[in-house]
Amino acid sequence: MAEVGSYIGDSAAEGWTQCPGSRQRLSLRGDGVTRLERPVSLPLLEVPSEMAPQKLTKRTGSIELLEAIGVVKKDNGTGSFSLLPGAPQSFDYVLVAQKNEDGDHESFKKQRDFINALKDKKLKITKIVDEDRVFYGITAPNETFETYTYLLKVSDACNWSCEEQGKVPQSTRIRIVEFIVDHTFIESSHCGAEYLSDLIKKNVFEAQFCLHEKQEQKELKNSWARWTACFNGQPITDVRTYFGEKVALYFLWLGWYTFLLIPAALVGVIVFLYGLAFFKTSPLIKEVCQSNIVMCPLCDEKCKVWQLSDTCIYAKLSILFDNEGTVAFAMFMAVWATVFLEFWKRHRASYVSEWKVFDWCEEEEELILQIVNDADCESKKYRHSYLRSTLVMILVTLMLLLIIGLAHALVVFRVIASVLFAKPTNWAFLRENSSTVAFLMGAVLHYLTITIMTRVNRTVAMKLCELEKVRSHAAVERSFTVKMFVFQFFTLFSSLIYTAFFLGRINGHPGGYVRIAGIWRLEECHPSGCLTDLFIQMAVILILKQTINNVVEIAGPWFTRWRKRLRSRKLRQKVRQCSKRDCMESTPGAELCDNCKVKDLLRNFDLENVDHFSLFNEFLEMVLQFSFTTIFVAAFPLAPLLALLNNIIEIRLDAIKMVSLERRLIPRKTNDIGIWTDVLETIGVLAVIANGLVIGISSDFIPRLVYRYRYGPCANSDASDIDCMSGYINNSLSTANISDKNIKRDFLPAQVILSNGNNVTYCSYRDYRSNEDQSLTNQFWVIQAVRFAFVVLFEHVVVMFKFIAGWFVPGSPLEVRNNRLQDKLNRLKEELRAERKRHKEKSQDK
């Protein structure tokens, strides 16, 4: 094992250099090996006075905007942690194993070998034993962090962080030690190299985690992770210091998304109220409620002919979201999504520039950590296999076909359930509303399918990533994110796509119905229109998903903590109250007593476990909600309002969960939310297409428009006292002659009897067909042409507005560009001054 803190140099001459981030010298010897040498009298990793900031720089306008509107808490960029007193030394990382005194047991041997492997890397291991568990507290030596700091300085993309790395923060210590522990392995005669993840699967170790810092944790609880802080700004700087840039950017993104949902929710409510204003005065509602038209049966056998006026209530409800304002709202939401993303890019750029991670590269840091772990390591090569790529593509396609097949299975369920519910029963409501009840049950079943398939999708996505064999954790995360999102998107939206664009359009007509296996007739749209079905399904899924997810998110970790505390109650009773002065006063640099160490370890062990994908789960949940908020929003204008109410709770729920109910997440350093930005931009494009198709195909907006200007009473008349939509309902219906032999085959004699006992010879259905031979009329083709033209025009206009909005709002503020330019200039000047000084000293020595 190579000595920690040694590097392979490429200089054959002996000389000295110094890292600006620490008071240490690097000996460049003739043997090609560079070693760190530090004067004993100087404090470790102390920032030189010339590198220390002399004054606070002016913060960018983007940050000041977020502080002014209350998205983030006002601070000077240092956060409130800088005001806290120092804390006693803690472990950088902890491993937990079941107590095993059998020295010959294979599990004990592997546990011992792994701990020895960690000791070989100069890690300090503290063993703490309780009744049935063994805790291994891991602390890394200072040389490990000197190595890391130096490599940051000489790296291509990560060297900016060397300037602010005066004292290595605990979050960085945790990240480094976690990488070392995860990449330590032992040799096994049966399995080859076994890493910590393999040992945990074999129950050699029970858990791995880093510790919460009590003072910082308490400060976050008081200022952020509590329900009474729902309308307070988030302390993003403190979150970044404690959880790392990755978590901080998530909460910054979520806070900005939640704030921008306010105007979207207000406009959605206005569209809803616009429909409510014409709730009673709309001529279309009057025509439906006062109609004597008899409609054809909606299903086989048990469904009977019915009066159009029976759908009066549904017609009133449909006008609330299927009106002229829907078009404007869909265009607004498409532009809103672009404005949201472009301003988010500005906010992100401002904060990552302030945090000195603008050019940060996760893959390059991973190389640095590999050297810290093993100075003799070799880089993992980029690999590409057409065979593997083809195999992954085939498997992804098969998985998508399975998901789409489940959506078709839901369609079959609704068809069969509708027939069964229509059979004679004591529940008259169920029999009379069999189609609506079947559709509602289908929506609930769809939600259950989503819940189950989420677990399946996660497993399949991870296996596919393993099959790809990408070179770095960052690449694995990107690949997993794309696959998981695609699987979840199809799981959530396959049924919605069918409802929006196929339901009621492929079911046929009287005398020519389409049947499943030649038996069950395909379901039809809701009597009030196809958009009502989409509205119901979106409302059920969105409300259930958000409500149940929030309950599970808070109840799961709370129950886990309660259960673990119950198990360790006896040990807690044995742990006495500490009276040691250093522990009580939190003396900086002091070491906790054994009693306090046990208490701290138990307190953290009792919390819910976290892993590399814990934050991914939060992002996935919010991005899928963003999909619901933008895609098909034309059918559900209240979606932004529901998302806003959920997110106000979600921010504090996630904060409480991360701070109080879960073990501490490994602090990750990054400069972006990663591939999620591309996913959000893709959703924005899909939203334009989907909403254009919903308005043009699913809603009655185009048929009403065509009727008003071509077939209605105002088409050839200039009279102002005529209602231009008069007669629209009757015009949108076709009539079937039940005595026709083809139509007669589809209906039983009992189905064509009204509730008053009268037989009917004609019934109507929604379509544009000839009353004689059921062929499509010219009006149908005119409407289809206008639908197509509208979709093309809508998408081009909205895309143009999106491009204009994207151009008008640059992704990086000028202040950030100028500040980075000035920083680069100062760095070059500093390097030049240092070089001249060394040259001058060298000349004097001669």
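The values are calculated or read from the model by the stated rules, or taken from the named source; none is laboratory data. These numbers come from a predicted model, not from an experiment. Every residue, glycine as well, gets a Cβ built from its backbone with ideal geometry; the counts of neighbours run over all protein chains shown.
Checking the conditions here, which among PHE145, PHE185, PHE243 is surrounded by 18 or more Cβ atoms within 10 Å (Cβ to Cβ) and assigned by TED's automatic domain parsing to the domain that holds HIS105?
Answer to the selection: PHE145.
Here are GLU219, GLU187, GLU131, GLU194: which of them is on the phi < 0 side of the Ramachandran plot and part of a helix (DSSP H, G or I)? Lay out the reasoning, then the answer.
On the way: GLU187 fails: part of a helix (DSSP H, G or I); GLU131 fails: part of a helix (DSSP H, G or I); GLU194 fails: part of a helix (DSSP H, G or I).
Going through GLU219, GLU187, GLU131, GLU194 in turn, the sole match is GLU219.
Kindly indicate whether any position in the range 257-277 is buried (at least 23 other Cβ atoms within 10 Å of the Cβ), in a helix (DSSP H, G or I), touching a residue at least 12 places away in the same chain (Cβ under 8 Å) and touching a strand residue (DSSP E or B) at 6+ places or on another chain (Cβ under 8 Å).
No, that holds for no residue.
Can you pull out the residues in the range 147-184 that are part of a loop (DSSP other than H, G, I, E, B) and at pLDDT 80 or above? First the steps, then the outcome.
So the first thing to find is which residues in the range 147-184 are part of a loop (DSSP other than H, G, I, E, B), and the list is 155-158, 164-169, 183-184.
Scanning the range 147-184 gives VAL168, PRO169, HIS183, THR184.
Out of all the residues in the range 543-551, is one or more at pLDDT below 80, assigned by TED's automatic domain parsing to the domain that holds VAL396, in contact with a Phe, Trp or Tyr (Cβ under 7 Å, 6 or more places away or on another chain) and of a type outside the set (Gly, Ala, Ser)?
Among the residues of the range 543-551, at least one is at pLDDT below 80, assigned by TED's automatic domain parsing to the domain that holds VAL396, in contact with a Phe, Trp or Tyr (Cβ under 7 Å, 6 or more places away or on another chain) and of a type outside the set (Gly, Ala, Ser), which makes the answer yes.
Does ALA461 count as assigned to a helix (DSSP H, G or I) and modelled with pLDDT under 85?
On the way: assigned to a helix (DSSP H, G or I): yes; modelled with pLDDT under 85: no.
Spelling it out, it is not the case that ALA461 is assigned to a helix (DSSP H, G or I) and modelled with pLDDT under 85.
Can you pull out every residue in the range 338-370 that is among the hydrophobic types (A, V, I, L, M, F, W, C), in a helix (DSSP H, G or I) and farther than 23 Å from ILE63 by Cβ?
Here is the first cut: in the range 338-370, the residues among the hydrophobic types (A, V, I, L, M, F, W, C) are 339-341, 343-344, 349, 352, 355, 357-358, 360-361, 367-369.
Of the ones still in play, those that are also in a helix (DSSP H, G or I) are 339-341, 343-344, 349, 352, 367-369.
Scanning the range 338-370 gives LEU367, ILE368, LEU369.
Can you give me the number of residues within the range 91-115 that are more than 21 Å from GLY192 (Cβ to Cβ) and either touching a Pro at 6+ places or on another chain (Cβ under 9 Å) or buried (at least 21 other Cβ atoms within 10 Å of the Cβ) (or both)?
Residues in the range 91-115 being more than 21 Å from GLY192 (Cβ to Cβ) and either touching a Pro at 6+ places or on another chain (Cβ under 9 Å) or buried (at least 21 other Cβ atoms within 10 Å of the Cβ) (or both): 6 in total.
Among the listed residues GLU841, GLU830, GLU795, GLU815, identify the single one that is without any contact (Cβ under 8 Å) to a residue 40 or more places away in the chain and either in contact with an Asp or Glu (Cβ under 6 Å, 6 or more places away or on another chain) or of a type outside the set (Lys, Arg) (or both).
Checking each option against the conditions leaves just GLU841.
Restricting the range 95-109 to residues that are in contact with a Lys or Arg (Cβ under 8 Å, 6 or more places away or on another chain) and at pLDDT 90 or above, which is farthest from HIS190 (Cα to Cα)?
VAL96
Looking for whichever is touching a Ser or Thr at 6+ places or on another chain (Cβ under 6 Å) and in the same structural domain as LEU402 (by TED's automatic domain parsing) here; the options are LEU531, LEU503, LEU496. Which one fits?
Answer to the selection: LEU531.
With respect to GLU524, determine if the residue is touching a residue at least 24 places away in the same chain (Cβ under 8 Å), over 28 Å from the mean Cα position of the chain (by Cα) and surrounded by 14 or more Cβ atoms within 10 Å (Cβ to Cβ).
yes
Would you mind stating whether PHE272 is among the aromatic types (Phe, Trp, Tyr) and farther than 29 Å from LYS669 by Cβ?
For PHE272, the condition - among the aromatic types (Phe, Trp, Tyr) and farther than 29 Å from LYS669 by Cβ - is met.
Condition (residue is out of contact with any helix residue (DSSP H, G or I) (no Cβ under 6 Å at 6 or more places or on another chain), farther than 20 Å from LEU620 by Cβ and modelled with pLDDT of 90 or more) applied to the range 241-255: is it met by at least one residue?
no
Looking at the structure I just gave you, is VAL786 surrounded by 13 or more Cβ atoms within 10 Å (Cβ to Cβ), outside the structural domain of GLY512 (by TED's automatic domain parsing), touching a helix residue (DSSP H, G or I) at 6+ places or on another chain (Cβ under 8 Å) and touching a residue at least 60 places away in the same chain (Cβ under 8 Å)?
So VAL786 fits the description; yes.
Give the range 276-310 a look and list any residue that's of a type in the set (Val, Ile, Thr) and under 20 Å from PHE747 (Cβ atoms), or say none.
Listed by number, the residues that qualify are ILE293, VAL294, VAL305.
Give just the number: which of (1) over 30 Å from ASN691 (Cα atoms); (2) without any contact (Cβ under 8 Å) to a residue 60 or more places away in the chain; (3) within 46 Å of the chain's Cα centre (by Cα) does ARG836 not satisfy?
Of everything listed in (1) over 30 Å from ASN691 (Cα atoms); (2) without any contact (Cβ under 8 Å) to a residue 60 or more places away in the chain; (3) within 46 Å of the chain's Cα centre (by Cα), ARG836 misses just condition (3).
How do the pairs read when you match residues in the range 437-464 that are closer than 18 Å to ILE543 by Cβ and crowded, with 21+ Cβ neighbours inside 10 Å with residues anywhere that are of a type in the set (D, E, K, R) and at pLDDT below 80, using Cβ under 8 Å and keeping only pairs 6 or more apart or on different chains?
Cβ pairs passing all conditions: PHE439/ARG414; PHE439/GLU523; PHE439/ASP533; GLY442/ARG414.
Looking for something assigned by TED's automatic domain parsing to the domain that holds ASP672, in contact with a helix residue (DSSP H, G or I) (Cβ under 6 Å, 6 or more places away or on another chain), over 22 Å from MET484 (Cα atoms) and of a type in the set (Lys, Arg) - is there at least one such residue anywhere in the range 401-419?
Yes, the range 401-419 contains at least one residue that is assigned by TED's automatic domain parsing to the domain that holds ASP672, in contact with a helix residue (DSSP H, G or I) (Cβ under 6 Å, 6 or more places away or on another chain), over 22 Å from MET484 (Cα atoms) and of a type in the set (Lys, Arg).
Would you point out the residue of the range 203-230, among those that are in contact with a strand residue (DSSP E or B) (Cβ under 8 Å, 6 or more places away or on another chain) and surrounded by fewer than 19 Cβ atoms within 10 Å (Cβ to Cβ), that is farthest from GLY255 (Cα to Cα)? Please lay out each step first, then the result.
First, the residues of the range 203-230 that are in contact with a strand residue (DSSP E or B) (Cβ under 8 Å, 6 or more places away or on another chain): 203-212, 224.
Adding the requirement that they be surrounded by fewer than 19 Cβ atoms within 10 Å (Cβ to Cβ) leaves 203, 206-207.
Details: ASN203: 40, GLU206: 36, ALA207: 32 Å.
For the range 203-230, the residue satisfying everything is ASN203.
Given the residues ALA750, ALA805, ALA736, which is the only one that is surrounded by fewer than 11 Cβ atoms within 10 Å (Cβ to Cβ) and in contact (Cβ under 8 Å) with a residue 60 or more places away in the chain?
ALA750 is the lone residue from the list that is surrounded by fewer than 11 Cβ atoms within 10 Å (Cβ to Cβ) and in contact (Cβ under 8 Å) with a residue 60 or more places away in the chain.
Residues checked against (1) in a helix (DSSP H, G or I); (2) crowded, with 17+ Cβ neighbours inside 10 Å:
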site	(1), (2)
ASN646	yes, yes
PRO667	no, yes
ILE697	yes, yes
ALA715	no, no
ASP723	no, no
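If you check VAL760 against the conditions, is it in contact with a helix residue (DSSP H, G or I) (Cβ under 8 Å, 6 or more places away or on another chain) and modelled with pLDDT under 90?
Here the answer is yes, as VAL760 does meet what is asked.
Taking only pairs six or more apart or across chains, which ones have beta-carbon atoms under 7 Å, a first residue in the range 61-75 that is touching a residue at least 60 places away in the same chain (Cβ under 8 Å), and a second residue that is among the basic types (Lys, Arg)?
Final answer for the pair search is SER62/ARG346; GLU67/LYS74.
Filter the range 127-144 for residues that are in contact (Cβ under 8 Å) with a residue 60 or more places away in the chain, under 20 Å from PHE209 (Cβ atoms) and touching a strand residue (DSSP E or B) at 6+ places or on another chain (Cβ under 8 Å) and give the result.
ILE128, ARG133, PHE135, GLY137
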